[in-house]
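Read through the structure below, which is laid out as structure tokens, and then see the notes.
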Amino acid sequence: MSNVFTFSIGRKLIMSLMGLFLCAFLLVHLGINLLLIFCDTTEPFNIAANFMASNVVIKVFEIGLFGGILLHIIYAVILTIKNWFARTVGYKVGNNQQTSFFSKYMVHTASIIGIFLILHLMDFYVKAKFLGGATSVTYEDGKTFHDLGALVIARFHIGWVVMVYIVALLGLGFHLIHGFQSAFQTIGLNHPVYTPIIKGLGLFYSVVVAAGFMAIPIVVYFFK
Ligand code: HEM
């Protein structure tokens, strides 16, 4: 019995650690993407995005990233199915009364993010990098890059693409609001003083990340 318990705590711990790792990735990804709207040309974005694609350390990180996404999804699915079964046999989860609006919709927001990620990676990653979906550009120093900036800008001039990104990013923001603080609780940070601070920090992080990503398609659509 205790084995089963520690095994599922272990899975939740891995899911939480992977979630926090993905939170860190999102900040780096957002920082690079914001170059698109803060710089006059797409050159700084292209250099940064292509550096991310060519650096060996980043390549290892990328494998970890895709592994992290997969682990996060697999453990989330297992936990969700187990919770459904637990509920049908009348098992009461300890902090049921604390169930917030955002925690109730984690599966729904996760599904939105999952569908978004498939479309996003097909378009900006697989097609752009491996199937010739992005043109090439050569800068003054003679270096040639995939023109990912031009591709992103072309996509964000299409109204429905902008709408899809906004819906997905709202889903991401809602998912992060609960996910961020829940991950810290799972790794053991449950304290009368620190928990409210982490919740506040999580809310701040979620709003900054969702609004920051959302600004990109909106600014590109109207001003670039
Ligand atoms: C306006 C929003 C976004 C833009 C313009 C954007 C753009 C891009 C581009 C151009 C790439 C391929 C080049 C690169 O590797 O940097 C990429 C890769 C990727 N994006 Fe995004 N992205 C956005 C939002 C997101 C969000 C919200 C997520 C996660 C929920 C995400 C997850 C990823 C992942 C996992 C990769 C592949 C990993 C990598 O190579 O860095 N992206 N994105």
Any pair with Cβ under 8 angstrom, 6 or more apart, that starts in the stretch 213-224 at a residue that is within 8 Å of the ligand (Cβ to nearest atom) and ends at one that is outside any helix (DSSP H, G or I) and at pLDDT 95 or above: ILE216/PHE156; PRO217/PHE156
Any chance you could count how many residues in the stretch 184-196 are under 22 Å from the mean Cα position of the chain (by Cα) and either more than 15 Å from LEU17 (Cβ to Cβ) or not β-branched (Val, Ile, Thr) (or both)? 2
Right, LEU17: of a type outside the set (Lys, Arg) and either within 12 Å of the ligand (Cβ to nearest atom) or in contact with a strand residue (DSSP E or B) (Cβ under 9 Å, 6 or more places away or on another chain) (or both) or not? no
Of the numbered conditions (1) in contact with a Gly (Cβ under 9 Å, 6 or more places away or on another chain); (2) of a type outside the set (Lys, Arg); (3) modelled with pLDDT under 90, VAL137 fails exactly one; give the number of that condition. (3)
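Within 26 Å of GLY19 (Cβ to Cβ) and out of contact with any strand residue (DSSP E or B) (no Cβ under 8 Å at 6 or more places or on another chain): is that true of PHE130 in this structure? Please lay out each step first, then the result.
Details: within 26 Å of GLY19 (Cβ to Cβ): no; out of contact with any strand residue (DSSP E or B) (no Cβ under 8 Å at 6 or more places or on another chain): yes.
It is false that PHE130 is within 26 Å of GLY19 (Cβ to Cβ) and out of contact with any strand residue (DSSP E or B) (no Cβ under 8 Å at 6 or more places or on another chain).
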All but one of (1) modelled with pLDDT of 90 or more; (2) more than 9 Å from the ligand (Cβ to nearest atom); (3) within 20 Å of the chain's Cα centre (by Cα) hold for ILE32; state the number of the condition that does not hold. (2)
Please verify whether PHE85 is under 28 Å from GLY68 (Cα atoms), away from the ligand (no atom under 13 Å from the Cβ), in contact with a Phe, Trp or Tyr (Cβ under 6 Å, 6 or more places away or on another chain) and modelled with pLDDT under 90, treating the condition exactly as stated. no
If LYS127 satisfies all but one of (1) exposed (fewer than 14 other Cβ atoms within 10 Å of the Cβ); (2) within 13 Å of the ligand (Cβ to nearest atom); (3) among the charged types (D, E, K, R), what's the number of the condition it fails? (1)
Determine, yes or no, whether PHE38 is modelled with pLDDT of 90 or more and surrounded by fewer than 13 Cβ atoms within 10 Å (Cβ to Cβ). yes
Residue count, the stretch 51-63, condition part of a helix (DSSP H, G or I), surrounded by fewer than 14 Cβ atoms within 10 Å (Cβ to Cβ) and either of a type in the set (Phe, Trp, Tyr) or more than 10 Å from the ligand (Cβ to nearest atom) (or both), comes to 6
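When the stretch 137-154 is examined, which residues are found to be at negative phi and exposed (fewer than 11 other Cβ atoms within 10 Å of the Cβ)?
THR138, GLU140, ASP141, THR144, listed by residue number.
Scan GLY132, GLY188, GLY173, GLY142 and give me the residue that is without any contact (Cβ under 8 Å) to a residue 40 or more places away in the chain, within 15 Å of the ligand (Cβ to nearest atom) and in a loop (DSSP other than H, G, I, E, B).
Matching residue, one of GLY132, GLY188, GLY173, GLY142: GLY132.
The values are calculated or read from the model by the stated rules, or taken from the named source; none is laboratory data. Please read these numbers as outputs of a predicted model, since none were measured by experiment. Every residue, glycine as well, gets a Cβ built from its backbone with ideal geometry; the counts of neighbours run over all protein chains shown.
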